[in-house]
Amino acid sequence: MRVRIKIILCVLLALFAIASLGAVLAGLGLLPEEDVSASAEQGYLLREWDGCVGVFCPPDAQSPVMITDIQVRGLPISDRISLASGIAAEDYGGVIRLLEDFGS
C-alpha cells in the first residue's frame with residue numbers, strides 16, 4: 001500500500017514538473033506562439049532580426065514567430081554569416097538544437 005502511494009505521488013510530481021517546464025519555456029518565449037504540428041510541414045528559418053536570432057515560419061515570412069534573446073553580435077563570425085543568409089531547420093526540434101548551439 002505504501003509503495004503504491006509513493007508511485008502515485010512520484011507520477012503526480014513528474015506531471016507537475018513537466019507542466020511547470022512548459023509554462024517556463026512559454027514565458028521565456030522559447031515555445032512558438034502557433035501550433036508546432038501545423039508549421040512543421042513548412043519548415044523554419046533562423047536569421048537575424050533586430051540584432052537577435054529570430055525564428056521564421058514559414059521560412060519566407062516577413063516577421064518572426066519567435067525572437068530569442070541571443071545577440072547576433074556575440075556569435076562567432078561563421079554563425080553571423082550563416083544567419084545573414086538564413087539557417088534552415090526542418091522541424092521544431094532542429095530549431096531547438098540550433099538555438100542550444102548558439103546559446104552555449
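The values are calculated or read from the model by the stated rules, or taken from the named source; none is laboratory data. Since we're looking at a predicted model, the values are computed, not measured. Positions of Cβ are generated from backbone atoms using ideal geometry, with glycine treated the same way; all protein chains shown enter the neighbour counts. What goes into the accessible areas is simple: the full protein's heavy atoms, side chains included, and nothing from ligands, DNA or RNA. Shrake-Rupley method; radii C 1.70, N 1.55, O 1.52, S 1.80 Å.
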Query - In segment 78-97, the residues that are touching a residue at least 12 places away in the same chain (Cβ under 8 Å) and among the hydroxyl-bearing types (Ser, Thr, Tyr) - result: Ser85, Tyr92
Query raised in the report: What are the residues in segment 50-91 that are among the hydroxyl-bearing types (Ser, Thr, Tyr) and open to solvent by 30 Å² or more (accessible area, probe 1.4 Å), if any?
Result: Ser63, Ser78, Ser82, Ser85
Requested in this report: Test Asp60 against the criterion of being out of contact with any helix residue (DSSP H, G or I) (no Cβ under 9 Å at 6 or more places or on another chain) and modelled with pLDDT under 90, and give yes or no.
Outcome: yes
**Report entry** For Arg80: the one exception among (1) assigned to a loop (DSSP other than H, G, I, E, B); (2) more than 15 Å from Gly43 (Cα to Cα)
**Finding:** (1)
Query raised in the report: Quick check: anything in segment 11-24 open to solvent by less than 100 Å² (accessible area, probe 1.4 Å), among the hydroxyl-bearing types (Ser, Thr, Tyr), at negative phi and modelled with pLDDT under 90?
Result: yes
